[in-house]
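Before any comments, here is the structure.
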Amino acid sequence: MQTSQTYYLAPVRGITDLVYRNCFADQFKGVDLAMAPFVQTVKGNQIKASHLLENTPAQNRLPTIPQIIGRNPGHFIDLARQLADAGNTAVNWNLGCPYPTMTKKRCGSGLLPYPQDIDKFLETVCAEVPLAISIKMRLGLETPQDILTLLPILNRYPIEHVTIHPRLGTQMYGGDLDLDCFGLCLETLNPPVIYNGDITTLEAYHTLKQRFPQVTTWMLGRGLLANPCLIEEIQQGDPLPLSDKITRIRAFHAALLEGYSQRLSGPAHQIQRMVSHWEYLRVGLPFGEKLFHKVRKARTLADYHTAIGQTFGSGA
Ligand SMILES: Cc1cc2nc3c(=O)[nH]c(=O)nc-3n(C[C@H](O)[C@H](O)[C@H](O)COP(=O)(O)O)c2cc1C
């Protein structure tokens, strides 16, 4: 019997914000849960109002887990308590971010080579934080030996689930996935393992599903941003007709634009955010490249609307 599968929207900073998640929930089906982009721990400070809003369950039309990046257990606990006060019941710890600004501070995947620090962190945090704790991680910073050393440590703590992106921090978001190492982690870890990485097509999903039948939760990032209907297609087993997809993406785009006009100050910020979305959406549309080059040149909202109307049509 086929077990039911669960699909998570990956956190993508600057893209899968509250506006995006809510518009996505209104327009597309299939995402069971979203992980929010990370909030950074800061010494002794109140969480920023904008971060709190993004991570308040009452504001989110998709069930959303907040994510924290940082390596100081005390700062993590302070932030997690504020997230709990806002109504959250779970929090994710980022051990995957590959950007040198983070890794140099031993945050994100930069902490993976330090198993004793991770052990101490989890010992303190799991005892103090009134939320279910999950982890999102890579195989290592420079070597998959990092995760192999960490597996018995992670197995000692009540971790809700572990999402693994089977690359090293030094690979950033490209290069080969190490699926053999992912398979080993899947066999060894006690907490449920969520697969994340390069699910960009129905075929890619089916290949992974065949190889890892024990996985029941799949996290999708760039593939879903490029084709927001991808989970629906996975669930029904066939691609949707392109014309239907375009109609729905057009309505989604109109809702995003409206959402940012309320949230972001000034047209320059709105255009900038929309261009970031087109960096992903262009991949899934036949006229995407042409459209992207046009919107990138827009300096005013009028330019932006003209560029959209010329290629995509303006009707929602
Ligand atoms: C621009 C960008 C921002 C990201 N921001 C986050 C983040 O805030 N937290 C996190 O855990 N992962 C972040 N990721 C990683 C994604 O969640 C995901 O692990 C990665 O894109 C691989 O999955 P995919 O191949 O399905 O996109 C980011 C990725 C990109 C490209």
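The values are calculated or read from the model by the stated rules, or taken from the named source; none is laboratory data. Treat the numbers as computed from the prediction; the structure is a model and nothing was measured. Don't worry about glycine lacking a Cβ; one is built from the backbone with ideal geometry, like all the others, and counts go over all protein chains shown.
Among the listed residues F287, F292, identify the single one that is exposed (fewer than 15 other Cβ atoms within 10 Å of the Cβ) and in contact with a helix residue (DSSP H, G or I) (Cβ under 6 Å, 6 or more places away or on another chain).
Testing whether each residue is exposed (fewer than 15 other Cβ atoms within 10 Å of the Cβ) and in contact with a helix residue (DSSP H, G or I) (Cβ under 6 Å, 6 or more places away or on another chain) leaves just F287.
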Selection from segment 224-265 of residues that are within 16 Å of the ligand (Cβ to nearest atom) and either among the aliphatic types (A, V, I, L, M) or modelled with pLDDT under 95 (or both): L224, L225, A226, L230, I231, I234
G223 in contact with a strand residue (DSSP E or B) (Cβ under 7 Å, 6 or more places away or on another chain) and not assigned by TED's automatic domain parsing to the domain that holds V283: no
Residue within segment 188-199 that is at positive phi, within 15 Å of the ligand (Cβ to nearest atom) and of a type outside the set (G, A, S) present: yes
Cβ-Cβ under 9 Å pairs, at least 6 apart or on other chains, segment 253-270 side of a type in the set (K, R), far side part of a loop (DSSP other than H, G, I, E, B): R263/D17
Options N88, N92; residue that is assigned to a strand (DSSP E or B) and either among the aromatic types (F, W, Y) or modelled with pLDDT of 95 or more (or both): N92
Residues of segment 139-164 that turn out to be within 13 Å of the ligand (Cβ to nearest atom) and farther than 24 Å from T89 by Cα, as a count: 1
Yes/no for T101 being over 16 Å from N55 (Cβ atoms), in contact with a Phe, Trp or Tyr (Cβ under 9 Å, 6 or more places away or on another chain) and not in a loop (DSSP other than H, G, I, E, B): no
Subset tally (residues that are of a type outside the set (K, R) and surrounded by fewer than 18 Cβ atoms within 10 Å (Cβ to Cβ)) for segment 256-278: 12
Matching residues, segment 157-185, being aliphatic (A, V, I, L, M) and farther than 17 Å from G96 by Cα: L184
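If I ask for residues that are touching a Lys or Arg at 6+ places or on another chain (Cβ under 8 Å) and either on the phi > 0 side of the Ramachandran plot or without any contact (Cβ under 8 Å) to a residue 60 or more places away in the chain (or both), which ones from segment 44-77 would you list?
Within segment 44-77, N60, R61, L62, T64, R71, N72, P73, H75 qualify.
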Among (1) touching a Gly at 6+ places or on another chain (Cβ under 7 Å); (2) more than 20 Å from T217 (Cα to Cα), the one test that G96 misses: (2)
Identity of the residue in segment 1-48, modelled with pLDDT of 95 or more and small (G, A, S), that ends up farthest from the ligand (Cβ to nearest atom): A25
